[in-house]
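The values are calculated or read from the model by the stated rules, or taken from the named source; none is laboratory data. What you see is a predicted model, and the numbers here were worked out from it, not measured in a lab. Reconstructed Cβ throughout: ideal geometry from the backbone, glycine too, with neighbour counts over all protein chains shown.
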Amino acid sequence: MGARVRVALLGVRGSTPAPGLEFVRYGGHTSSVAVALDGLMPSLILDAGTGLRGLTALLGGRPFSGAIVLGHLHWDHTQGLPFCPAVDNPDAKVDLWMPAQGDAEVVLARGMAPPHFPITPRQLRGAWWFGGMEEGVHEIAGFEVLAREIPHKGGRTFGYRVTDGRSSFAYLSDHCPSNLGPGPAGLGELHPAALELADGCDLLIHDAQYLDEELPERASFGHAAAGYSVALAEAASVPHVLFFHHDPQRTDDAIDTLVARYENAKPRVEGARQGSVIDLSNPTAA
Ligand SMILES: [Zn+2]
Ligand SMILES: [Zn+2]
């Protein structure tokens, strides 16, 4: 048995939360993923959409100590920050990273300060540090994190690859590969940054906001089609894909129908579900 990485999906929706009876099975909270090592508490959070609220229950009410790493700063990746008692807590210790773009705290405060919001990032309770990250490999919260810039829309956006040295997963929540050209199947380029992030991972968590046939009309919003995620996984020898960043209009039944298209695909394909926990292990690793 190797060491294990545990990935908890706190929010899987893209763009805006999607409450309602048609969305309860996959969940309506926006992007946030908690990552833990072995049997430990989560120490690394990717994105802080409204799903971040679920971290409080995951920690059994204890304050969070670790890092929050944002892929970019859009609302659906930041608006959980002031609504999560585990991080807005006098005893919390949080390092918040974002793709480097000037003073990180000032940049975050452009979307989180009066008159847009009652408080600034600095007014969150606990010990907070805000910093910018450049591309490359970083040691963060007990993990090795590879950051690569990927095409999206409206702001510098990173995809990440996270590993404990044995198991690994790639997280490309918001990705518009068609910005770089049509690629082999007309769904976008299988470009070097995406291939490097996904290469040989145990799991790929990838933007699947659109159906392939919706892409021509909607690619200008900055997202990927589901079929691209499967093609990237195949090209990068990833055995398991989670469709992520579901369109807010995509009902549970529609996600089931989308996933069913890929039941014979080489990688195992599932729709990311809020509340699910995936244990990665690579028994062949040293
Ligand atoms: Zn997003
Ligand atoms: Zn975005």
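At a glance:
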item: Neighbours by Cβ (under 7 Å, 6+ apart or cross-chain): first from the stretch 143-163, in contact (Cβ under 8 Å) with a residue 12 or more places away in the chain; second more than 16 Å from ligand 1 (Cβ to nearest atom) and in a loop (DSSP other than H, G, I, E, B); result: Phe143/Asp164; Glu144/Gly165; Ala147/Glu135; Arg148/Glu135; Glu149/Glu135; Arg156/Gln101; Arg161/Cys201
item: Any hit, the stretch 66-78, residues being more than 15 Å from ligand 1 (Cβ to nearest atom), of a type in the set (Phe, Trp, Tyr) and out of contact with any Phe, Trp or Tyr (no Cβ under 8 Å at 6 or more places or on another chain); result: no
item: Selection count, the stretch 259-286, where residues are at positive phi and either among the β-branched types (Val, Ile, Thr) or modelled with pLDDT under 95 (or both); result: 0
item: Any pair with Cβ under 6 angstrom, 6 or more apart, that starts in the stretch 10-29 at a residue that is in a loop (DSSP other than H, G, I, E, B) and ends at one that is basic (Lys, Arg) and surrounded by fewer than 20 Cβ atoms within 10 Å (Cβ to Cβ); result: Tyr26/Arg273
item: Criterion: within 28 Å of Leu52 (Cβ to Cβ), touching a strand residue (DSSP E or B) at 6+ places or on another chain (Cβ under 9 Å), touching a residue at least 60 places away in the same chain (Cβ under 8 Å) and of a type outside the set (Asp, Glu) - qualifying residue of Val259, Val238, Val269; result: Val238
item: Single residue of the stretch 101-131 satisfying the filter (assigned to a loop (DSSP other than H, G, I, E, B) and among the aliphatic types (A, V, I, L, M)) that is nearest to the chain's Cα centre (by Cα); result: Met112
item: Residue count, the stretch 200-235 (criterion: among the polar types (S, T, N, Q) and surrounded by fewer than 24 Cβ atoms within 10 Å (Cβ to Cβ)); result: 1
item: Qualifying residue in the stretch 245-263 (condition: within 16 Å of the chain's Cα centre (by Cα) and outside any loop (DSSP other than H, G, I, E, B)); result: yes
item: Hits in the stretch 50-97 (condition: farther than 24 Å from Glu144 by Cβ, in a loop (DSSP other than H, G, I, E, B), within 14 Å of ligand 2 (Cβ to nearest atom) and not β-branched (Val, Ile, Thr)); result: His74, Gln79
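Condition check ((1) within 19 Å of the chain's Cα centre (by Cα); (2) at pLDDT below 95; (3) part of a loop (DSSP other than H, G, I, E, B); (4) more than 24 Å from Gly154 (Cα to Cα)) across all residues:
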{"site": "Gly188", "(1), (2), (3), (4)": "no, no, yes, no"}
{"site": "Leu197", "(1), (2), (3), (4)": "yes, no, no, no"}
{"site": "His206", "(1), (2), (3), (4)": "yes, no, no, no"}
{"site": "Glu213", "(1), (2), (3), (4)": "no, no, no, no"}
{"site": "Ser229", "(1), (2), (3), (4)": "yes, no, no, no"}
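Conditions tested, residue by residue: (1) within 16 Å of ligand 1 (Cβ to nearest atom); (2) surrounded by 15 or more Cβ atoms within 10 Å (Cβ to Cβ); (3) more than 28 Å from Gly227 (Cα to Cα).
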| residue | (1), (2), (3) |
| --- | --- |
| Glu139 | no, no, yes |
| Glu149 | yes, no, no |
| Leu180 | no, yes, no |
| Ala198 | no, yes, no |
